[in-house]
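Since the structure comes first, as structure tokens, the remarks are kept for the end.
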Amino acid sequence: MSFSWSEDPVFCFTSDVDWASEEVLKYSHRALSGESLGITYFNTHPSNVINSLSKSGEIRQLIHPNFLPNSSHGKTFDEVMDYCDKLVPDADGFRTHRYFEVNDILDEYARRGFKFFSNHCTRCEKNITPLYHRSGMISIPIFFEDGGYLIMDPHLNMDLLKNRLDTPGLKVINFHAAHMAFNTPKFEFTREIKDSMSREVWNNLDQKALKKLSYTGFGIRNVLELVIEHVLKRNHKIKTITQISDEFIAAKNI
């Protein structure tokens, strides 16, 4: 069975919002030329920035439920799901915070009519394709995630990406607005910033704070900029994660 990613790379850009402030979201979207990438934002909270971009058709928003202890989404699985259902009523796909999942969660999302999820983060693997999960949903693996890459390639010499960007397969590129805004040079950098302040302060970081806290050397935002530059220069296909799900479902006749 042949898909658009069977012989060529197909790129897909997604972002986990993770309660980023409005200024952080605006900065990240502009810095990565978001208007040309068809980004899907996995949202965590009400945001005028995300809602505006979604209404304009520039992006699509799905949900990023947090099932971990002390979640602002709720205390039980059902409470978390209900909160996110109200946040993005038309969502048919999700990615859980910290990739947390158990069968109860996946089966319930399938029962609620969700089509796909994206929870499996790979080590920039070649020939990635969606999987038909036991729940009946489609699992769409991630090729590159900024936080994971900072751990796997701490010197950011891009060895894991060399000779892989042009290989066949899905290339889901996932980033966090905060990592982009701070240009995180090592995984602990942004984690320490977030842990140093309250939720309220984090949710309301402004441009002045971003300028003060951002790393000025080579960081993960620069890696993403180089990846995007390469994709556009080579004229590689770019699809939304919804388009990928739809193509897989149609071809499998699920």
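The values are calculated or read from the model by the stated rules, or taken from the named source; none is laboratory data. Just so we're clear, the structure is a prediction, and the values are computed from it rather than from any experiment. Methodologically, a virtual Cβ is constructed for each residue, glycine included, from the backbone with ideal geometry; neighbour enumeration extends over all protein chains shown. These area figures cover heavy atoms from the full protein model, side chains too; ligands, DNA and RNA do not enter into them. Shrake-Rupley method; radii C 1.70, N 1.55, O 1.52, S 1.80 Å.
Check segment 128-136 and report whether any residue there is out of contact with any Gly (no Cβ under 8 Å at 6 or more places or on another chain), of a type in the set (S, T, Y) and assigned to a strand (DSSP E or B). Yes: one or more hits.
The selection criterion, being in contact (Cβ under 8 Å) with a residue 40 or more places away in the chain and touching a helix residue (DSSP H, G or I) at 6+ places or on another chain (Cβ under 6 Å), holds for A181.
The residues listed here are R112, R123; of these, the one that is modelled with pLDDT of 95 or more, charged (D, E, K, R), surrounded by fewer than 18 Cβ atoms within 10 Å (Cβ to Cβ) and closer than 20 Å to H97 by Cβ is R112. Given the condition within 24 Å of P130 (Cβ to Cβ) and free of Cβ contacts under 8 Å to residues at least 12 places away in the same chain, answer yes or no: does some residue in segment 20-38 qualify? No - not one qualifying residue is present in segment 20-38. Scanning segment 210-221 for residues that are free of Cβ contacts under 8 Å to residues at least 40 places away in the same chain and either open to solvent by less than 70 Å² (accessible area, probe 1.4 Å) or under 16 Å from the mean Cα position of the chain (by Cα) (or both) yields L213, S214, G217. Those helices (runs of 4 or more DSSP H) of segment 1-103 in which 2 or more residues are under 19 Å from S118 (Cα atoms) occupy 77-87. Kindly indicate whether any position in segment 244-252 is open to solvent by 50 Å² or more (accessible area, probe 1.4 Å) and among the basic types (K, R). Yes. In the set (1) within 20 Å of G219 (Cβ to Cβ); (2) without any contact (Cβ under 8 Å) to a residue 40 or more places away in the chain; (3) among the acidic types (D, E), the condition left unmet by D107 is number (1). The single condition from (1) open to solvent by 10 Å² or more (accessible area, probe 1.4 Å); (2) under 21 Å from F144 (Cβ atoms); (3) at pLDDT below 95 that D8 fails is (3).
Consider F100 carefully, then state whether it is closer than 30 Å to E188 by Cβ, at pLDDT 95 or above and surrounded by 21 or more Cβ atoms within 10 Å (Cβ to Cβ). It is false that F100 is closer than 30 Å to E188 by Cβ, at pLDDT 95 or above and surrounded by 21 or more Cβ atoms within 10 Å (Cβ to Cβ).
Which residues, taken from segment 232-254, are among the aliphatic types (A, V, I, L, M) and either under 20 Å from T40 (Cα atoms) or in a helix (DSSP H, G or I) (or both)?
Answer for segment 232-254, where residues must be among the aliphatic types (A, V, I, L, M) and either under 20 Å from T40 (Cα atoms) or in a helix (DSSP H, G or I) (or both): L232, I238, I241, I244, I249, A250, A251.
For segment 198-207, the criterion of being of a type outside the set (F, W, Y), in a helix (DSSP H, G or I), modelled with pLDDT under 95 and surrounded by 15 or more Cβ atoms within 10 Å (Cβ to Cβ) is met by none of the residues.
Taking the conditions exactly as written (part of a helix (DSSP H, G or I), in contact with a Lys or Arg (Cβ under 8 Å, 6 or more places away or on another chain) and either surrounded by fewer than 18 Cβ atoms within 10 Å (Cβ to Cβ) or not polar (S, T, N, Q) (or both)), does E229 satisfy them or not? Considered against the rule, which asks whether it is part of a helix (DSSP H, G or I), in contact with a Lys or Arg (Cβ under 8 Å, 6 or more places away or on another chain) and either surrounded by fewer than 18 Cβ atoms within 10 Å (Cβ to Cβ) or not polar (S, T, N, Q) (or both), E229 comes out as no. Of the residues making up segment 172-189, those that are open to solvent by less than 10 Å² (accessible area, probe 1.4 Å) and either farther than 20 Å from H97 by Cα or assigned to a helix (DSSP H, G or I) (or both) are A177, M180, A181, F182, N183. Restricting the first member to segment 153-170 and to residues that are at positive phi and modelled with pLDDT of 95 or more, and the second to residues that are crowded, with 18+ Cβ neighbours inside 10 Å and assigned to a loop (DSSP other than H, G, I, E, B), the beta-carbon pairs closer than 7 Å and six or more apart or on different chains are G169/W5; G169/I128.
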